[in-house]
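One structure below.
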Amino acid sequence: MSFVSTATDPYRISFVCLGNICRSPIAEVVLRSLLAADDELRDRVAVTSAGTGNWHEGGPMDPSSAAVLTARGLDPTTHSAQQMTVDLVGDFDLLVGLDTSNVAALEEMVGDRRRPLVALLRDFDPDGAPGQSVPDPYGGGPEGFETVCAQVEAACRGLVDRLPVLLAAR
């Protein structure tokens, strides 16, 4: 997950949830698909995901997360769970927590550094759910994963709209 810095660095975003097998990989795949369709941003943004815990490190995403993405024509097969650590946060421009506890953990990791920015995903949803977490569907049925994917899609569209401003402020 580590990046080597150059003068033409892309803007680096990492989505972070608890175990990096449900919510954050959905967000990673969704944002990548939105960026792939955007001529202005496609080559200017790099996206990854991670978890605050290491329980699933090296494993694939949850089968229900993969299924909800596959049903939308998106490819979930390249995911390998990884952990976000204090040593890695400085590699990013924006860390996006999927819930408020993830945001708190990220803010603690970032400490008093100037960057990266830390944000809550649903704060990017233009139709509003500021301050609201994406619920953790782990262990639940398919409807929970559908809800998560819908919330992630709405917020990621809002994030794409906000990216030109974030890139300019870099």
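Does ASP161 satisfy the criteria of being of a type outside the set (S, T, N, Q), more than 20 Å from TYR11 (Cβ to Cβ), modelled with pLDDT of 95 or more and surrounded by fewer than 20 Cβ atoms within 10 Å (Cβ to Cβ)? First the steps, then the outcome.
Values: of a type outside the set (S, T, N, Q): yes; more than 20 Å from TYR11 (Cβ to Cβ): no; modelled with pLDDT of 95 or more: yes; surrounded by fewer than 20 Cβ atoms within 10 Å (Cβ to Cβ): yes.
Considered against the rule, which asks whether it is of a type outside the set (S, T, N, Q), more than 20 Å from TYR11 (Cβ to Cβ), modelled with pLDDT of 95 or more and surrounded by fewer than 20 Cβ atoms within 10 Å (Cβ to Cβ), ASP161 comes out as no.
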List every residue pair whose Cβ atoms sit under 7 Å apart, with the two residues 6 or more apart in sequence or on different chains, where the first one lies in region 39-67 and is buried (at least 21 other Cβ atoms within 10 Å of the Cβ) and the second, anywhere, is at pLDDT below 95 and among the hydroxyl-bearing types (Ser, Thr, Tyr).
ASP62/TYR138
Sort out which residues of region 118-142 are surrounded by fewer than 18 Cβ atoms within 10 Å (Cβ to Cβ) and assigned to a strand (DSSP E or B), and write them in order of number.
none
What do you reckon, is ALA50 in contact with a strand residue (DSSP E or B) (Cβ under 6 Å, 6 or more places away or on another chain), more than 19 Å from LEU167 (Cα to Cα), at pLDDT 95 or above and not in a loop (DSSP other than H, G, I, E, B)?
yes
Restricted to region 78-101, and to residues that are among the β-branched types (Val, Ile, Thr) and surrounded by 15 or more Cβ atoms within 10 Å (Cβ to Cβ), which residue is nearest to the chain's Cα centre (by Cα)?
VAL96
Go through the residues of region 8-28 one by one and say whether even a single one is closer than 22 Å to THR85 by Cβ and modelled with pLDDT under 95.
yes
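The values are calculated or read from the model by the stated rules, or taken from the named source; none is laboratory data. Treat the numbers as computed from the prediction; the structure is a model and nothing was measured. We place every Cβ from the backbone using ideal geometry, glycine too, and count neighbours over all the protein chains shown.
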